[in-house]
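**Q** My questions will all concern the structure given below.
A short reminder: the numbers here are calculations on the coordinates, not readings from a lab. These figures come from a predicted structure and were not determined experimentally. Quick reminder, even Gly has a Cβ in these numbers, built from the backbone with ideal geometry, and neighbours come from all protein chains shown.
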Amino acid sequence: MSLDNTQNMSPEDAGQALIGALTSGDYDYCAELITGGADLNQHGGRTDATPLMVAAALDTAVLLQDMIAHGADIHATNNRGQTALMCAAHHPKGYLSLEILADQDGAKLDAQDHNGDTALTLAVRAQKRAGSKYLIMAGADIHTPNRNGDTALTLAAVHKDMLPIVRILVKKGAHIDTQNNDGQTALDIARIVGNAEVADFLEKEKERVLTNAMRKAADRGTTRAWRVIRPGTKDKVRGNTHEPR
């Protein structure tokens, strides 16, 4: 279809046509609609998505960049409260779109949808290793929980192929003892689902953290053997004399 045949369209109707053209894969027509003044922030479809969200999910990077250049709102949300970045994060495609959207000035990496999920937790839930790593390295908050109390780490612990992301999250400071609303830590979840490699890694990490904490405490002189202080004897640590009351 050519824009010549739809030149009498309103910007809103052209925006709806753009959503349809993206879905059907008519990308030449999409380009014409974008440059022809289509409303790029028009919502439509089952999820009330904008053309930018549809392009992000389909990973049509060139069209995505064109829409941004023509004023598409990267912060607009669909009826799930998800931005275009979130759509890119959880869609099976969407990796290039994720990079483009995450790198935009003013991009809100930690925006949350109606379920409390961020782009990172959505990417982790969808088992998108490359996208998850990109968001972490871009500075996404790794501690933000969703409405169930799950963080990127507890969600990653479910999946065997997300061990590399579990490692990155822990290296970046994810709290391994954080519990979700069911009282489960990432280690608990890994054990429950039989994710042996992740469970083994988290067990060793928990032991390492505990050992380091004890060493630091000992170095500061805050760990002492338990002792019974008798009345009238001198406390060798503090140099105080203790008398009966």
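**Q** Determine ³J(HN,Hα), in whole Hz, for all residues of region 64-75 in sequence, where each value follows from phi through the Karplus function 6.51 cos²θ - 1.76 cosθ + 1.60 and θ = phi - 60°; x replaces Gly and Pro.
**A** 4, 5, 4, 5, 4, 5, 9, x, 5, 7, 6, 9
**Q** To the nearest 0.05, how large is the calculated FRET efficiency for THR211 and ALA61 if R₀ is 41 Å and r is the Cβ-Cβ distance?
**A** 0.30
**Q** Can you find, among LEU109, MET9, ALA218, the residue farthest towards the positive end of the dipole of the chain? Put +1 on the C-beta of Lys and Arg, -1 on that of Asp and Glu.
**A** The listed residue farthest towards the positive side: ALA218.
**Q** Let me ask something else about it. Can you tell me which of 107-117, 31-41, 46-56 comes out highest on packing, and rank the rest after it, using the mean Cβ neighbours within 10 Å?
**A** My ranking of the peptides, most packed first, is 46-56, 31-41, 107-117.
**Q** For the chain, what is the mean residue ellipticity at 222 nm derived from helices alone (per DSSP H run of n ≥ 4: -39500 (n - 2.57); sum divided by total residues; nearest 500 deg cm²/dmol)?
**A** Taking each H run of at least 4 residues, the total per residue is -13500 deg cm²/dmol.
**Q** May I pose another question? Using Cα atoms only, what is the angle between the long axis of helix 196-219 and the major principal axis of the chain, expressed in degrees (0 to 90) to the nearest 10?
**A** For helix 196-219, the angle is close to 50 degrees.
**Q** Would you mind checking the tilt of helix 11-24 against the longest principal axis of the Cα atoms of the chain, expressed as 0 to 90 degrees and rounded to 10?
**A** 70
**Q** Which of the peptides 159-166, 201-208 is most tightly packed, and how do the rest follow, going by the mean number of other Cβ atoms within 10 Å of each residue?
**A** 159-166, 201-208
**Q** Please compute the net charge surrounding THR83, taking Lys and Arg as +1 and Asp and Glu as -1 over other residues with Cβ under 12 Å from its Cβ.
**A** Local net charge: -2.
**Q** Then there is this: Amide H to amide H, which residues 5 or more places from ALA49 or on other chains are under 5 Å from it, using H placed in the peptide plane?
**A** Here GLY44 satisfy the definition.
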